[in-house]
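The values are calculated or read from the model by the stated rules, or taken from the named source; none is laboratory data. From a predicted model like this one, the values you see are computed outputs, not experimental measurements. All Cβ positions, even for glycine, are placed from backbone atoms using ideal geometry, and neighbour counts span all protein chains on display. What goes into the accessible areas is simple: the full protein's heavy atoms, side chains included, and nothing from ligands, DNA or RNA. Shrake-Rupley method; radii C 1.70, N 1.55, O 1.52, S 1.80 Å.
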Amino acid sequence: MMRLLDIYVSLPLDSPLTLAQLCDTHILSKIFKGQFHPLPEINQQARRRVTMRGHSFIEVITHISSQRLCYEIEGQGPIRHHQGVISLTEMNTHLRLRYQIFGLSNTLLPNWLLKLILLYDFKTALRRLRKLNHAS
């Protein structure tokens, strides 16, 4: 498994963002160009169907706290062994959100091209997140 994405965004210290909000399918639909639909929980783990870039897959939240959110893809997705880790850290002057994705390409795309696509998509999504949270 390899790190496919490791991106940071700075938000104001008084930002209303919480990691619990990143489980909200309505907010996720605003941030990402995709559709997010909640599914019934299994073993007390939140699940959602995600449709993005012509792919449909199920994300499972495996851990959530005020500082860390972890998820993985259930079954087949465009990224094999897909795991995501999002952390929110309070710094002296700002909040730092870090988004990491681990896995391997599960399509004909080479891993380096998959990394570029993810970087583009997430930079765009994090700009939308910053706007939603009134960051400068």
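Mind listing whichever residues of the stretch 19-45 are among the small types (Gly, Ala, Ser) and either open to solvent by 60 Å² or more (accessible area, probe 1.4 Å) or in contact with a Ser or Thr (Cβ under 7 Å, 6 or more places away or on another chain) (or both)?
Once the filter is applied, which keeps residues that are among the small types (Gly, Ala, Ser) and either open to solvent by 60 Å² or more (accessible area, probe 1.4 Å) or in contact with a Ser or Thr (Cβ under 7 Å, 6 or more places away or on another chain) (or both), the stretch 19-45 yields Ala20, Gly34.
Can you tell me which condition Tyr120 does not meet? The list is (1) free of Cβ contacts under 8 Å to residues at least 12 places away in the same chain; (2) touching a Pro at 6+ places or on another chain (Cβ under 9 Å), and all the others hold.
(2)
Sort out which residues of the stretch 92-106 are open to solvent by 60 Å² or more (accessible area, probe 1.4 Å) and without any contact (Cβ under 8 Å) to a residue 60 or more places away in the chain, and write them in order of number.
If we filter the stretch 92-106 for residues that are open to solvent by 60 Å² or more (accessible area, probe 1.4 Å), which is where we start, we get 92-93, 96.
Across the stretch 92-106, the qualifying residue is only Asn92.
Search the stretch 71-81 for residues being open to solvent by 20 Å² or more (accessible area, probe 1.4 Å) and over 19 Å from Pro38 (Cα atoms), and hand back the single one that is modelled with the lowest pLDDT.
The selected residue is Pro78.
What is the one condition in (1) assigned to a helix (DSSP H, G or I); (2) at pLDDT below 90; (3) of a type outside the set (Ser, Thr, Tyr) that Ala125 does not satisfy?
The failed condition is (2).
Name the single residue that is modelled with the lowest pLDDT among those in the stretch 46-70 being in contact with a Phe, Trp or Tyr (Cβ under 9 Å, 6 or more places away or on another chain), open to solvent by 30 Å² or more (accessible area, probe 1.4 Å) and more than 25 Å from Arg96 (Cα to Cα).
Per the criteria, the residue is Met52.
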